[in-house]
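**Student:** Can you keep this structure in mind? I'll have questions shortly.
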Amino acid sequence: MLIVFVAERCGGPWVAAVLVGSWLFAGVVLFDAAWFSPNRQSWAAVLGFRKPVGDEVEILTAAWENVTRAPGLDGWPYSLWVQQSGLPNAYAAPTRIVAVTSWAIGSLRPRALEAVLAHELGHHVGGDQRLRLLAAWSAIPVTVVKRLAAAAGRPLEVFGPAAIAIRFALAPVLCGALFLGVAAPAGRPVALALSVLLLVEPCTAAARSRRAEFAADRFAAEHGYGRDLAAALGRWQREYPARTGLLAVRSRWFGSHPPIGDRVRALRTEHLRRYPGESGAATA
């Protein structure tokens, strides 16, 4: 509402009406797709997933059966998908989609793949993905503003590794310019509130996402996959080393995932707490 108010003050009622109308239309589309007429094929197509083929079917089916064999878990409502990618990743998506990359299927040991699937199942069990979609919809106005700011900073990529340092240096200047630009038509209190919102919201959203990742890790550990998930994460970290310098600072504050090292330590600690006589290490 704050952004709509600023839009009305700066651009007039028609600008505000277009923004509200676009936001409501996006909400109707998302609600229809997630609640009223959910279609996994459509979601998978939007997200870039495909059905497993060949050996992938057997590998994923066997791994999923092992994961959902634990008491209280039911695997039938979920649908397994694959993202064709050479990068390590996995996803929990609306309509109870669980997806992993082709790299994960072809590279991870069976127990490590099961651990990754258990983590994604933890996202579904720990919170309805449709509610997360609702939260994402409510944040669309802020997301659009952030995307516009990111697009404005894209020309800085020509400076290579120094681009991140330049962005950090320019951030206070841009916030000041935003404050001055909004203060005249909307008033200083509104300008200050908008500036604080755009600074704080990315940090809080990232913090919520990181907490969800730790919770999904704990779910996997509770079902006996803590050591194996730590091994899978450790392998990913070896093949794709953690960022350093200002990139690491940005990831720690604004990243949607915690540093892999923090997750591995938490998983090993949890495993040793549950199984005191075992080592906290495994092989992926």
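The values are calculated or read from the model by the stated rules, or taken from the named source; none is laboratory data. It should be emphasised that the depicted structure is a prediction, and the values quoted were computed from it without experimental measurement. Here Cβ is always computed from backbone atoms with ideal geometry, including for glycine, and neighbour counts include all displayed protein chains.
**Student:** Answer with yes or no whether Trp43 is within 19 Å of Glu239 (Cβ to Cβ) and under 22 Å from the mean Cα position of the chain (by Cα). Steps first, answer last, please.
**Tutor:** Working: within 19 Å of Glu239 (Cβ to Cβ): no; under 22 Å from the mean Cα position of the chain (by Cα): yes.
Judged against the criteria, Trp43 is not a match.
**Student:** Then there's this: Considering only helices (runs of 4 or more DSSP H) fully contained in the range 160-277, which possess at least 2 residues that are of a type in the set (Asp, Glu), within 17 Å of the chain's Cα centre (by Cα) and at pLDDT 70 or above? Can you show your working first?
**Tutor:** Details: elements: 163-186, 188-222, 226-239, 245-254, 260-274.
Hits in the range 160-277: 188-222.
**Student:** Within the range 75-120, which residues are among the β-branched types (Val, Ile, Thr), surrounded by 22 or more Cβ atoms within 10 Å (Cβ to Cβ) and touching a residue at least 40 places away in the same chain (Cβ under 8 Å)?
**Tutor:** Val100, Val116
**Student:** What are the pairs with Cβ atoms under 8 angstrom where one residue, in the range 10-23, is modelled with pLDDT of 70 or more and the other, located anywhere, is among the small types (Gly, Ala, Ser)? Sequence gap at least six, or different chains.
**Tutor:** So the pair list comes out as Leu19/Ala7.
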